[in-house]
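Here the structure is laid out as structure tokens; the discussion comes afterwards.
The values are calculated or read from the model by the stated rules, or taken from the named source; none is laboratory data. All values derive from a computational prediction rather than experimental measurement. Note that we place each Cβ from the backbone using ideal geometry, even for glycine, and neighbour counts take in every protein chain shown.
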Amino acid sequence: MDTQDSAVYTDVVALLQGLPRDRAQLLPALWRVVEHYQALTPEVIDAVSQSLGVPYAEVYGVASFYTLFDNVTGQTPVHICTDVLCALQGAQGLQEAAEAAAVGMPVSVRESACLGQCDYAPAAWIGAHIIRRATPEAVAAAVKAVRHE
């Protein structure tokens, strides 16, 4: 692919401003573009690849390996932490509430490994927002607040 003339490439370059053009910056770069686009489409992955000078296959491999980046559909990701502490604090109820609220919504609900919020379990990540000490009601409300695109 050659996206250097596209608006996506221009946006990605601007988003990655200040990051060294280096393979070691791949995860921080992907976080920045996911926060902006809420998805990693092939065009976005290519723009990151070209911007950092990292092969497309490597960027794709990292993006597809980490479940928090696994949202190529363009839907708002809803991640429910199901690691031990969150599971003990009610992650199953969060999952059920998110799935019920997601019907007909532009979201994709997924179980995820640790979201790094163990002190505030259970946790959910909806779009770019973390909900700490989440309740099924708070998760359902956040899912229903996702705007249709």
Any residue at all in segment 41-63 that's touching a Lys or Arg at 6+ places or on another chain (Cβ under 7 Å) and surrounded by 19 or more Cβ atoms within 10 Å (Cβ to Cβ)?
yes
Would you check which residues across segment 106-149 are within 11 Å of H79 (Cβ to Cβ) and basic (K, R) and list them?
R110
With hydrophobic (A, V, I, L, M, F, W, C), surrounded by fewer than 16 Cβ atoms within 10 Å (Cβ to Cβ) and within 18 Å of the chain's Cα centre (by Cα) as the only criterion, which of A141, A128 stands out?
A128
Hey, could you check segment 19-35 for residues that are without any contact (Cβ under 8 Å) to a residue 24 or more places away in the chain and farther than 12 Å from S51 by Cβ and say which is farthest from the chain's Cα centre (by Cα)?
A24
Can you tell me which residues in segment 86-119 are modelled with pLDDT of 95 or more and more than 14 Å from P136 (Cα to Cα)?
L88
